[in-house]
Amino acid sequence: MAGKQALNIVKMKKMKKEGIPLSMLTAYDYPSAKIAEEAGIDMILVGDSLGNVVLGYDSTIPVTLDDIVYHSRAVARGAEHTFIVADMPFMTYHSSVSESLQGIRRLMQEGHVHAVKLEGGAEISDVVKATVRAGVPVLGHIGLTPQAVNQIGGYRIQGKDEADARRLMEDAKALEQAGAFGIVLELVTEEVATAISKELSIPTIGIGAGRGCDGQVLVYHDLIQYASPYYSKRFVKTYADVGGLIRSSIEQYVSDVKGRAFPAEEHVFSTDDRVVEALYGKAKGQSQEQAKEKVESRS
C-alpha cells in the first residue's frame, strides 16, 4: 500500500495504551500477503499453521525451518510496508540458545521478517532474553500451543481452573520480563485473557481468547473459508466463502472445455490469410479454410 508505514513495537505499545486494537492475519505467499496489506492489516504472521492449511499436514509439528523461511520470503515481497512476524517451528528453539539464534538469524536474514514468534512461557524465557539482546523482537505465544498439542492432550480450552489461570498469568509475566513485545493468547477463557491483558504493559493478541485482548489474529484460510471441506470454529468469524467460489468456477471451466464453449471467439487470435497460406499451402480452386482443415485433419 503506497505511503503506508509499517508498525513497530513502540507504536504497538502506544496503541495498547490508547485502546486501539491491533489486527493480525496469517499469510503464506505473495498474493495473500499483498491483498492483506492492501486491506489495511496491521501485522502479518507467517504461521506454522501453513502445515495445516497449505502443506496438508494434520498438525504444525512437521513444519520445518526451511518451510517458514521459504514462505516468509514470499510474504515479505508481497507486504513490503507491513510488520511481519514468523513462527519458529517445532523443536528449533529448545536445544540450546546458540542453536535457537542460528534459526532466528535465518528467519531475519533469509526470510526478511521483522520479528519471530515463540510458543511457550517461563520455560523459554532464556531464549527470549537472548533473542531480544540480539536485536530481534519476540512475540510470545501461550494458552493452546499447537506445537505441544500432544503434551497438553489435544486442542483444549486453557485457563478453566484456578491453577491453570495462575500458570498462564505467570507465563505471561515471565515473557514480558524477558523482553517480548507482545503475547498471543490462544483458546484462553475470556476472563483469564482479559485479566492478563490488563496486567501487562505489552499488547496481547487473541485467537479464541475473547474480547478483552489488545488485538486479534485469525488464520487467512479460516477468515475466507479457503478449504475443502471447511470446518467451522466457534472462535472464528468467516467473511466469505472463497473455497466455494473457487470450486464452482473450476467446475464451470471444466464444463465449458468439455462442451467447447471455451475458448470462444473473443479468446482467440487471428492472422493474415497470407500467413496461413504460407503455413498450409493452397491447392488450385481450394479455399484457404479448406486447405487449413485438410492439414489439421492429418495431425
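The values are calculated or read from the model by the stated rules, or taken from the named source; none is laboratory data. Because the structure is predicted, anything quoted here is derived from the model rather than measured. Quick reminder, even Gly has a Cβ in these numbers, built from the backbone with ideal geometry, and neighbours come from all protein chains shown.
Numerical summary
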| read-out | value |
| --- | --- |
| Residue count, the stretch 92-116 (criterion: touching a residue at least 12 places away in the same chain (Cβ under 8 Å) and farther than 18 Å from Pro137 by Cβ) | 1 |
| Which listed residue, of Asp67, Asp29, Asp87, Asp42, is buried (at least 24 other Cβ atoms within 10 Å of the Cβ), of a type in the set (D, E, K, R) and within 15 Å of the chain's Cα centre (by Cα) | Asp87 |
| Strands (runs of 3 or more DSSP E) (entirely within the stretch 158-260) containing at least 1 residues that are among the hydroxyl-bearing types (Ser, Thr, Tyr) and out of contact with any Pro (no Cβ under 9 Å at 6 or more places or on another chain) | 204-207 |
| Number of the exception - Gly143 against (1) closer than 15 Å to Thr194 by Cα; (2) among the small types (Gly, Ala, Ser); (3) surrounded by fewer than 18 Cβ atoms within 10 Å (Cβ to Cβ) | (3) |
| Of all residues making up the stretch 17-74, the number that are in a loop (DSSP other than H, G, I, E, B), farther than 21 Å from Leu7 by Cβ, out of contact with any Asp or Glu (no Cβ under 9 Å at 6 or more places or on another chain) and touching a residue at least 40 places away in the same chain (Cβ under 8 Å) | 2 |
| Residue that is modelled with the lowest pLDDT, among those in the stretch 261-276 that are part of a helix (DSSP H, G or I), among the charged types (D, E, K, R) and surrounded by fewer than 11 Cβ atoms within 10 Å (Cβ to Cβ) | Arg274 |
| Selected residue [more than 30 Å from Lys14 (Cβ to Cβ), out of contact with any Phe, Trp or Tyr (no Cβ under 8 Å at 6 or more places or on another chain) and touching a residue at least 12 places away in the same chain (Cβ under 8 Å)] from Ser255, Ser232, Ser228, Ser248 | Ser228 |
